[in-house]
Amino acid sequence: MKEPIIQTYELTKVFKRTVAVNNLNLRVTSGIYGFLGPNGAGKTTTIKMLVGSLFPTAGRIELFGQDIRSRDSINLRKKIGYVPEHPTYFLGMTAEGLLEYVGSTFHLPKLELKQKITELLKLVNLTEARNRVILKFSAGMKQRIGIAQALINDPDLLILDEITSNLDPLGRNQMITLLQDLRQEGKTMFVSTHILPEVQKMHADSIGIIDHGHLIMEGTIDELNKKLGGKLVRISPNHPLFRKALSPFVSNITEELDTFIVETDNKDRVWQTIAEISLQHHITLTEFRSTGLEIEQIFMEAIDREKTQEVSYAPKK
Amino acid sequence: MPPKNRIAKINFKFLSGFFVILFLLYLAMQNSPLSSKSTSLCTESTSQPFHTSVTYEFGTIVIENQTIYDDILIKSYANVTFINSTIHGNIYLFNFGCLNLAQGSNITGDIVTSDYTTIYLTNSTVGGRIECRDSSVVKLLSCSTPDTFIWKFDSANLTIENSSIALFNEFGSAGQTSIIHSQLNVSLNGVSSSQVFINQSIIPSFIDLKMPFVAITGPSRFNLMTFNVSYSTSARSINLTWQGWDSPIIDGYLNITFQIFVNGQFYADINGSGFFNQYSGFYIINFTSTGTQNISITAIDGNGNNYTTMVSITIIEYPSFPWSIFWIVVAILSSIIVTAIVYLHYQEKRGYHSSLGTIFKKELAENKIKLIIFVAIAAAPGIILFFIFGAITHIVGSISIDNIRGLVSLVFTLFLYYFGLVFSIVFAANAVVRERRSGTLSWFLSKPVRRWEFLWGKILVYFLVIILIMISTSVAFIIGSISFVDPAYYSDILSMGGYIFLIGIVSIIPLTSIVILCSSIFKKYGLAIFVPIMLLIAIPPIVSFLPLVTKNEYPLLLSFTYYFESLGNQWIYNGGGLFGSIGSSYGEMFGITITEISLTPIQIVLILSSITIICLAIATYYLEKTDVA
């Protein structure tokens with residue numbers, strides 16, 4: 001079992017009367033971790049606690065196996081790169097000036113820093129704008145300089161908060177490609193977003209879904225499919241005898257031309273029924289397989305479940 | 001018709017009564033003492049039938065051995081003489097009227113003059129007061145009238161000779177007063193063009209509010225009197241001038257000698273000269289010590305007559321700036337800074353990284369333009385004073401060290417307070433709150449930067465800027481002032497420069513610390529600016545009035561202006577404050593005795609240092625322990 005890069009224990013943050021994060025237990029190992037949730041779910045609050053700008057009301061955070069409130073927390077931060085949701089760096093600085101300043105907080109040798117700055121500006125395609133003031137940058141450029149500043153210390157962990165929200169489609173694709181490249185370099189990325197298809201495009205290694213401060217689901221996409229999408233079976237051809245036979249014990253039947261999808265808790269019984277009918281009536285079975293969900297469906301399903309649970313837990317009037 | 005007859009009967013009774021009263025009044029007038037006239041040249045007219053006042057116009061009248069109960073108006077060239085008479089009313093003189101009150105005459109009321117009128121009082125007494133107005137001429141000769149108050153206004157001319165009166169109160173704008181061989185209390189309140197000569201008189205109480213001590217009137221003889229001029233100066237040498245008139249020691253053209261004694265020690269002999277009975281002299285006296293200096297000037301004429309005038313001058317010594325201690329402190333602070341830098345460098349090699357220097361450099365670079373502007377503005381008072389001193393020197397010929405101290409205290413107390421306020425708001429008000437609001441702080445603290453380093457990197461820049469600003473202010477002042485003073489006062493100018501620097505440092509640093517604290521604890525930008533502005537601008541006038549309620553000045557400790565002024569008063573010029581004294585002044589006005597607080601500079605510096613330490617400690621603690629996002 002891999003050592004976790006990020007691990008939170010009963011992490012809670014309360015603002016006055018609002019519980020923003022509630023007993024959050026996260027475990028992030030490596031690769032890309034998609035941290036999903038609707039607006040106001042507690043994603044940014046969690047991230048700000050991870051980077052140390054907010055103090056947890058309860059619980060604790062470990063990064064690289066070390067408590068972030070330990071005396072050596074400064075050295076922990078040397079392993080982290082953080083890109084905030086709204087890029088508000090020192091806007092009066094030039095791109096190069098900002099990278100120099102941020103680099104100097106890591107005490108990088110001057111020559112190494114200069115070389116690194118050139119590389120990063122090239123990586124985020126801002127070489128031409130290196131002497132321009134950040135204030136005059138477009139939203140996309142600000143996001144890219146944000147990535148560059150987060151990479152200045154060659155971090156092992158990148159914490160990215162809604163980094164694609166201000167980008168155009170082309171910019172988003174470039175960013176996703178960049179993140180995939182970084183994964184190839186062995187970096188761990190904790191990516192918070194509410195734009196779900198991008199997590200799929202990133203091929204996130206694992207996903208955590210948060211709502212109302214609760215982590216409502218966590219795992220790889222396959223694991224989540226098993227949890228949520230395991231009920232669905234795709235059957236072809238779309239024969240009326242099949243549908244008639246299954247209708248007493250499946251909850252939902254969706255027809256798609258020559259195929260139909262049923263939702264069931266008992267796949268074996270569905271298989272047995274379909275097999276018997278096809279043998280009896282000499283119907284050639286062309287497809288019978290469990291089907292997976294799109295990430296958006298997973299997210300919606302998870303949120304719906306959470307709501308249902310909330311309703312069922314709610315006291316009856 | 002019955003009604004008609006009745007009216008006729010009433011009218012008849014009414015008319016009869018009226019005429020009877022008129023007849024009785026006529027008889028009363030016939031019995032009045034004024035009815036006996038000594039000359040027919042004077043025209044008498046009565047303004048009322050009851051003779052409550054009598055008016056004399058034109059001509060001459062002599063009234064002897066009479067008692068008069070009316071007010072008397074003498075006008076239009078009338079010349080009225082009273083001999084051995086008593087007047088129980090007041091006498092008013094107008095338009096060239098002339099009054100002679102002679103040989104045992106006395107008046108229980110007032111005598112009031114105006115418009116070129118003349119009064120001669122000989123061997124007479126006045127129970128009320130004598131008001132000498134306009135261009136009147138008043139002469140008292142051998143009048144022993146101990147209850148009389150004489151008020152001199154306008155350009156009246158007055159002579160008091162061989163007389164004894166209660167008080168001579170002078171408010172004149174011109175004219176002369178001569179007091180010879182008389183006994184009276186003197187209070188001089190007019191302007192200097194209204195001259196007063198006192199000679200061989202007994203003056204139990206002498207108050208001269210005309211002007212600061214410039215000239216001694218005399219030498220004259222002030223028997224039984226201590227002539228104490230309340231004059232304070234920080235100058236160690238003064239140009240003492242004196243003039244004498246009507247002195248009996250000179251008769252004709254004589255050589256005279258002035259002997260000057262300082263604190264009882266012979267100081268100088270000066271040969272002077274007089275012409276008829278006027279003489280004058282001057283001498284520069286250099287004082288070797290501070291405190292009260294008693295100077296006496298003895299004028300000796302060719303006949304050996306000598307008369308002495310004394311004056312008391314207080315020489316104030318403002319403290320010299322302790323340059324040696326200052327340089328030691330600078331050396332110690334520099335050593336601490338160098339040691340800290342070396343220590344951090346050494347620690348860095350051992351793996352301890354501090355971003356203090358990085359943040360300091362970045363803040364300094366970011367505030368470069370503001371720094372240049374503020375350092376330039378800080379030199380402005382010095383440059384302005386250069387022109388003011390230049391103008392004064394050009395017009396008057398020289399400028400005294402007292403004037404320099406007074407101007408410096410006023411200009412720099414105001415300047416340092418308001419400049420410090422503007423500086424702290426412009427530099428420090430957004431130190432934390434802006435970056436907290438924008439989210440920059442939350443992002444930046446994800447870097448290996450300690451929270452206190454972020455705050456103190458900025459604070460150290462502000463402190464450096466304050467030091468640079470105060471160097472600019474002090475150096476500009478020294479350069480701007482030094483060319484206008486006597487070389488003997490160069491050390492005073494350097495001292496003032498040093499103290500201006502010190503006042504700025506010890507006052508602006510705590511002021512900035514308050515602003516930094518507000519910037520750290522408030523999460524709204526408006527509050528971070530508004531609260532310190534209210535604290536530093538609204539509180540001084542409010543607390544300066546609080547002594548009226550509390551009857552002591554302790555509320556002033558809440559006001560920064562008090563500290564600025566108090567240090568300025570003790571180190572530069574004791575000229576009173578602009579803010580802190582409001583309460584005391586109003587207290588005096590309302591008759592409330594207010595207990596004053598007097599803190600030594602050390603106590604003030606300790607209070608201000610405590611404010612600084614407390615504010616910065618709270619700001620650091622708050623930033624360390626609270627959320628920044």
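Rule-based calculations on the coordinates, nothing more; no lab input. Since we're looking at a predicted model, the values are computed, not measured. No Cβ is skipped: glycine too gets one built from the backbone with ideal geometry, and neighbour counts run over all protein chains shown.
Need the full-extension length gain, residue A:135 to residue A:14, defined as separation in residues times 0.36 nm minus the C-alpha distance. One decimal, nm. Before the final figure, lay out each step's value.
Numbers: separation 121, 0.36 × 121 = 43.56 nm, distance 3.38 nm.
Result for the pair: 40.2 nm of gain on full extension.
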Using amide H atoms built in the peptide plane, which far-off residues or other-chain residues are under 5 Å from residue B:237 H to H? B:287
Given N residues in region A:185-296, what is its alpha carbon radius of gyration divided by 2.2 N^0.38 Å? 1.37
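With +1 on the Cβ of every Lys and Arg and -1 on the Cβ of every Asp and Glu, and nothing else charged, how large is the dipole of region A:1-160 about its Cα centre, in debye rounded to the nearest 20?
Computed about the Cα centre, the dipole is about 380 debye.
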Considering the convex hull of the alpha carbon atoms of region A:6-220, report its projected area averaged over all viewing directions, in nm², one decimal. 11.6 nm²
Spacing of the two label points (7 Å from each Cα toward its C-beta) at residue B:542 and residue A:73, in nm: 3.8 nm
Cα-based reach from residue A:136 at 16 Å (exclusive), listing aspartates and glutamates while leaving out same-chain residues under 8 positions away: A:96, A:128
For helix A:139-151, report the angle its Cα long axis makes with the longest principal axis of the Cα atoms of chain A; keep it between 0 and 90° and round to the nearest 10°. 80 degrees
Hey, if you drop one equal point scatterer on each alpha-carbon of region B:300-380 and run the Debye formula without solvent, what base-10 log of I(q)/I(0) do you get at q = 0.21, 0.22 Å⁻¹? -1.09, -1.10
My understanding is that a pair violates if its Cα-Cα distance is over 19 Å; which of A:16/B:524; A:231/A:267; A:13/B:458; B:523/B:625 do that in this structure? A:13/B:458
Taking amide H atoms as placed 1.01 Å from N in the peptide plane, list the residues 5 or more away in sequence, or in a different chain, whose amide H sits under 5 Å from that of residue B:178. B:158, B:159, B:160, B:197
Relative to 2.2 N^0.38 Å, what does the C-alpha radius of gyration of region B:355-625 come to as a ratio? Two decimals please. 1.10
With 0.36 nm assigned to each residue of separation and the Cα-Cα distance removed, residue B:76 to residue B:479 gains 138.4 nm
Compute, for chain A, the length of the dipole vector about the Cα centre, with Cβ point charges of +1 (Lys, Arg) and -1 (Asp, Glu) only. Units Debye, rounded to 20. 980 debye
Any residue on another chain or 5+ positions along whose placed amide H is under 5 Å from the amide H of residue B:81 is listed here as B:61, B:62, B:63, B:100
At the level of C-alpha centres, the distance separating region B:330-349 and region B:490-509, in angstrom, is 27 Å
Residue-wise, which Karplus ³J(HN,Hα) couplings in Hz belong to region A:92-103, taking 6.51 cos²θ - 1.76 cosθ + 1.60, θ = phi - 60°, and x for glycine or proline? x, 8, 7, 4, 5, x, 4, 5, 4, 5, 5, x
In degrees between 0 and 90, to the nearest 10, how far off the longest principal axis of chain A does helix A:267-280 point, with axes built from Cα atoms? 40 degrees
Assuming R0 = 25 Å, can you tell me the calculated FRET efficiency for the pair residue A:247 and residue A:203, based on Cβ-Cβ distance, to the nearest 0.05? 0.10
Cα-based helix-to-principal-axis angle, A:295-313 vs chain A, degrees rounded to 10: 80 degrees
What list of ³J(HN,Hα) values in whole Hz, one per residue of region B:544-561 in order, does the Karplus curve 6.51 cos²θ - 1.76 cosθ + 1.60 (θ = phi - 60°) give from phi, with Gly and Pro shown as x? 5, 8, 4, x, 4, 8, 8, 6, 9, 8, 4, x, 4, 4, 7, 9, 5, 4
